[in-house]
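Read through the structure below, which is laid out as structure tokens, and then see the notes.
The values are calculated or read from the model by the stated rules, or taken from the named source; none is laboratory data. This structure is a prediction, so every number in the text was calculated from the model and none was measured. Ideal geometry is used to build each Cβ from the backbone, glycine not excepted, and the neighbour counts take in all protein chains shown.
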Amino acid sequence: MQVIRTIAWVVLTAVLVAFIAMNWTKVPVNFWPLADGNYFHFEWPVGVVALLFFGLGMLPVWAYLRAVRWRLNRRIASLENSLRATSMPSLAEAHETAPVTPIETPSEIEKS
């Protein structure tokens, strides 16, 4: 399974590098309007801009899914603990229901 995961990451990295290499044309990215009517901007390659905003768009979904997973793990742990608490007999009950076996004395062992 680890080999498949590693191969998938290598392929994904190669695709991303190829995407950035094919889209290396620099474009102005406007961030904030200034008082003189121009924009505060940077010139970045198209591939970098696309990957950056893809990552920013994926961040809220990732955070939501992590929160759901955390909540469900806590719920499962809570249910498991309540099941353990109700299904395990107490020490006194276990002692009362345990079968009592008589201890043989050495003379009884010799007789048999």
- Note on the structure: How many residues of the stretch 29-52 are exposed (fewer than 10 other Cβ atoms within 10 Å of the Cβ) and either at positive phi or in contact with an Asp or Glu (Cβ under 9 Å, 6 or more places away or on another chain) (or both)? The answer is 1
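Residues are listed down the side, and each one gets a yes or a no for (1) under 30 Å from Met22 (Cα atoms); (2) among the polar types (S, T, N, Q); (3) in contact with a Gly (Cβ under 8 Å, 6 or more places away or on another chain); (4) modelled with pLDDT under 90:
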{"residue": "His41", "(1), (2), (3), (4)": "yes, no, no, yes"}
{"residue": "Gly47", "(1), (2), (3), (4)": "yes, no, no, yes"}
{"residue": "Ala50", "(1), (2), (3), (4)": "yes, no, no, yes"}
{"residue": "Gly57", "(1), (2), (3), (4)": "yes, no, no, no"}
{"residue": "Leu65", "(1), (2), (3), (4)": "no, no, no, no"}
{"residue": "Leu72", "(1), (2), (3), (4)": "no, no, no, no"}
{"residue": "Arg75", "(1), (2), (3), (4)": "no, no, no, no"}
{"residue": "Leu79", "(1), (2), (3), (4)": "no, no, no, no"}
{"residue": "Met88", "(1), (2), (3), (4)": "no, no, no, yes"}
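In the stretch 10-64, which residues are among the β-branched types (Val, Ile, Thr) and in a helix (DSSP H, G or I)?
Val10, Val11, Thr13, Val15, Val17, Ile20, Val46, Val48, Val49, Val61
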